[in-house]
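Notes follow the structure.
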Amino acid sequence: MPLKETTPRPAIVWFRRDLRLADNGALAAAAAEGRPVIALYVMEPDGPDGLALGAAQRWWLHHSLDALARSLQPHGVPLVLRTGTAVDVLEALVAQTGAEAIYWNRHYTPQRMATDSALKASLIGRGLEARSFPGALMHEPTKVRTGTGGPFKVYTPFWRAFGTQVQVHTPQEAPADLIGYAGSLQSDTLADWNLLPKKPDWSGGLADAWTPGEAGAQERLAAFCEGPLDGYSDNRNLPDRDSTSRLSPHLAFGEITPAQAWWAAKEAGRIPHGDLETFQKELVWREFSWHLLANFDDLKTVNFNRTFDAFPWADDEALLAAWERGQTGYPIIDAGMRQLWQTGWMHNRVRMIVGSFLVKHSLIDWRHGEKWFWDTLVDADAASNTASWQWVAGSGADAAPYFRVFNPVLQGEKFDPEGRYVKLFVPELVDLDMKYIHKPWDAPPAVLARAGIALGRTYPRPVVGLAEGRDKALKAYKDMRGEAA
Ligand code: FAD
């Protein structure tokens, strides 16, 4: 249909990891210019950011796209789904619709940054208006710099620089008025993308735990600000309670921006300063992870500290499988790994404990842990997952000192003192006396019998001895550094 002289030509708003209407710079720009909006999501052959999605995130993406389509619908803007490389899809859509503007929000994997800048140059070269907007992060990773002009490698100075170099933007409301594109546009059908698991359908636990989409994200944020934010500093390490925001998958898909979380927490009222600052520091850990990934391209696969290239990792598939399935015989680890499998999420404290057990007691390469998390986490995030695994392994930027080996029994007793978290995810141990909940192998036979536990049959014996595992890890570290044992 020919457009009237006065109607600006359409804008394609290309949605990626920004599946929201509010605080969406690309959408707001199209709306402010009064352009008819073509909302587009492209299923790219290499995955959204040059990285194939894991199974848990495929489930999430399905529901998040569905939610986005439903929130665009009342504005008369259908969500167009297409498959192909972004450049081909965009060019075809421009040719078909006469769109003269293509807007998107920036994303910072090295692959995405490279393809985005080539794409932008090519579109501008063809006389189109191609613009990208911030929002996924609160800082621009290529702009915040140390005194000598380089990227940061240590969190604390990054946090300080964040305070002086970054002005966290005030989040924008969702545009009140959007104009839909009047022509008809072919779209794939979401169901045909086969993002949901086939039989057996393992996604029931995910559906019980989460509401993907912008409305679900906003509800989480509001509930957190009204509840657990007060007391966050003290409680955030306790995995048996709802003491953290659980915003991570919503942030990973851009259903909410970190700036929205930052300001909502700040404006929550009557929140002790310590709780607010601790929460904001966590949001800034996410920024720091992205800062690292954006500035060190091969962070996902290569040891940040190259000394670790010589680390003598063990190749033990049985041990890796026991860890993945939550069958290590260490209750806090098994609870964490089962929480991950059932709900697609694991408490941060427990991520550190299971990570340390894998790379230290079991001597398994952190990249195996990263890969399993990538497939099973609903919040799998290219930067935070990689940076955190390298942190746990000791190979990362600002990593934990290698000799700090978490003891899963002591960690369990400290952070899950009543064993409530363990009992939630390891039902075999539900009747075990609290005294032994983190070390069932120490329980006298009569206690085990009373709890209906037969070690090695109803619940595994430990797959690795703690002292033995720790000694081996420390020896491997010394060997790597060429130190005498
Ligand atoms: P809250 O405590 O409410 O924190 C608020 C937000 O701050 C989080 O949503 C997250 O965006 C950010 N944040 C908190 N802690 C960290 C951290 N240590 N590093 C980076 N950002 C943080 N987080 C991911 O989002 N995706 C991952 O793939 C991921 N993989 C991890 C792997 C390992 C081995 C470890 C130890 C940590 C990993 N984390 C990852 C970090 C952290 O565990 C999660 O961000 C946090 O548990 C999410 O829960 P929450 O939203 O309730 O956090």
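The values are calculated or read from the model by the stated rules, or taken from the named source; none is laboratory data. Owing to the predicted nature of the structure, the values given are computational and were not obtained by experimental measurement. Using ideal geometry, Cβ is built from the backbone for each residue, glycine included, and neighbour counts are taken over all protein chains shown. All accessible areas refer to the heavy atoms of the entire protein, side chains included, with ligands and DNA or RNA removed. Shrake-Rupley method; radii C 1.70, N 1.55, O 1.52, S 1.80 Å.
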Being open to solvent by less than 30 Å² (accessible area, probe 1.4 Å) and either farther than 24 Å from SER388 by Cα or near the ligand (Cβ under 8 Å from one of its atoms) (or both) is the filter here, so list the residues in region 228-242 that pass it. GLY231, TYR232
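Here is a yes/no grid of residues against (1) in a helix (DSSP H, G or I); (2) touching a residue at least 24 places away in the same chain (Cβ under 8 Å); (3) more than 12 Å from the ligand (Cβ to nearest atom); (4) within 21 Å of ALA467 (Cα to Cα):
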position: GLY336; (1), (2), (3), (4): yes, yes, no, no
position: MET346; (1), (2), (3), (4): no, yes, no, no
position: ARG349; (1), (2), (3), (4): yes, yes, no, no
position: MET352; (1), (2), (3), (4): yes, yes, no, yes
position: VAL359; (1), (2), (3), (4): yes, yes, no, yes
Complete set of residues in region 362-376 that are in contact with a Lys or Arg (Cβ under 9 Å, 6 or more places away or on another chain) and either acidic (Asp, Glu) or within 8 Å of the ligand (Cβ to nearest atom) (or both): GLU370, PHE373
If I go through region 53-68 residue by residue, how many of them are of a type in the set (D, E, K, R) and out of contact with any Leu (no Cβ under 8 Å at 6 or more places or on another chain)? 0
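Table: residues versus (1) within 28 Å of GLY344 (Cβ to Cβ); (2) over 19 Å from the mean Cα position of the chain (by Cα).
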| residue | (1), (2) |
| --- | --- |
| PRO8 | no, yes |
| ALA29 | no, yes |
| TYR41 | yes, yes |
| GLY50 | yes, no |
| HIS62 | yes, no |
| PRO78 | no, yes |
| LEU81 | yes, yes |
Which listed residue is open to solvent by less than 10 Å² (accessible area, probe 1.4 Å) and of a type in the set (Gly, Ala, Ser), from GLY254, GLY269: GLY254
Do any residues in region 211-232 that are touching a residue at least 40 places away in the same chain (Cβ under 8 Å) and on the phi > 0 side of the Ramachandran plot have Cβ atoms under 9 Å from those of residues that are within 14 Å of the ligand (Cβ to nearest atom) and in a loop (DSSP other than H, G, I, E, B), where the two are at least six apart or on different chains, and which pairs are they? GLY213/PHE253; GLY213/GLU255; GLY231/SER243
Only one of ALA32, ALA52, ALA39 that is of a type in the set (A, V, I, L, M) and touching a residue at least 60 places away in the same chain (Cβ under 8 Å): ALA32
Of all residues in region 377-425 being away from the ligand (no atom under 11 Å from the Cβ) and aliphatic (A, V, I, L, M), which is farthest from SER356 (Cα to Cα)? LEU424
When (1) in contact with a Pro (Cβ under 7 Å, 6 or more places away or on another chain); (2) surrounded by 22 or more Cβ atoms within 10 Å (Cβ to Cβ) are applied to LEU283, the one that fails is (2)
Matching residues, region 193-224, being assigned to a helix (DSSP H, G or I), under 27 Å from PRO45 (Cα atoms) and open to solvent by 20 Å² or more (accessible area, probe 1.4 Å): TRP193, ALA207, GLU214
Of all strands (runs of 3 or more DSSP E) completely enclosed by region 35-110, which ones contain at least 2 residues that are among the basic types (Lys, Arg) and out of contact with any helix residue (DSSP H, G or I) (no Cβ under 6 Å at 6 or more places or on another chain)? none
Within region 321-335, which residues are over 23 Å from ALA443 (Cα atoms) and either open to solvent by less than 10 Å² (accessible area, probe 1.4 Å) or among the charged types (D, E, K, R) (or both)? GLU324, ARG325
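Under the condition of being small (Gly, Ala, Ser) and outside any helix (DSSP H, G or I), which residue from region 155-184 is nearest to MET138 (Cα to Cα)? Quick ask: steps written out before the conclusion?
As a first pass, look at region 155-184 and keep what is small (Gly, Ala, Ser): 161, 163, 174, 176, 180, 182-184.
Checking which are outside any helix (DSSP H, G or I) leaves us with 174, 176, 180, 182-184.
On the way: ALA174: 18, ALA176: 24, GLY180: 30, ALA182: 35, GLY183: 36, SER184: 37 Å.
Within region 155-184, the match that is nearest to MET138 (Cα to Cα) is ALA174.
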How many residues of region 438-485 are farther than 17 Å from GLN327 by Cβ, touching a residue at least 40 places away in the same chain (Cβ under 8 Å) and touching a helix residue (DSSP H, G or I) at 6+ places or on another chain (Cβ under 6 Å)? The answer is 2
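Taking GLY135, is it surrounded by 13 or more Cβ atoms within 10 Å (Cβ to Cβ), more than 25 Å from the chain's Cα centre (by Cα) and assigned to a loop (DSSP other than H, G, I, E, B)?
Values: surrounded by 13 or more Cβ atoms within 10 Å (Cβ to Cβ): yes; more than 25 Å from the chain's Cα centre (by Cα): no; assigned to a loop (DSSP other than H, G, I, E, B): yes.
So GLY135 does not fit the description; no.
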Pairing a residue in region 113-128 that is within 17 Å of ALA294 (Cβ to Cβ) with any residue that is of a type in the set (Gly, Ala, Ser) and surrounded by 11 or more Cβ atoms within 10 Å (Cβ to Cβ), where Cβ atoms lie under 8 Å and the two sit 6 or more apart in sequence or on different chains, gives MET113/ALA294; THR115/GLY50; THR115/ALA86; ASP116/SER132; LYS120/ALA130; LYS120/SER132
Determine, yes or no, whether LYS423 is closer than 30 Å to ALA400 by Cα, charged (D, E, K, R), in a helix (DSSP H, G or I) and open to solvent by 70 Å² or more (accessible area, probe 1.4 Å). no
Mind listing whichever residues of region 389-409 are of a type in the set (A, V, I, L, M, F, W, C) and not in a loop (DSSP other than H, G, I, E, B)? TRP389, TRP391, VAL392, ALA393, VAL409
Close pairs from region 283-311: first under 18 Å from LYS143 (Cα atoms) and among the β-branched types (Val, Ile, Thr), partner open to solvent by less than 30 Å² (accessible area, probe 1.4 Å) and within 16 Å of the ligand (Cβ to nearest atom), Cβ under 6 Å, at least 6 apart: VAL284/PHE162
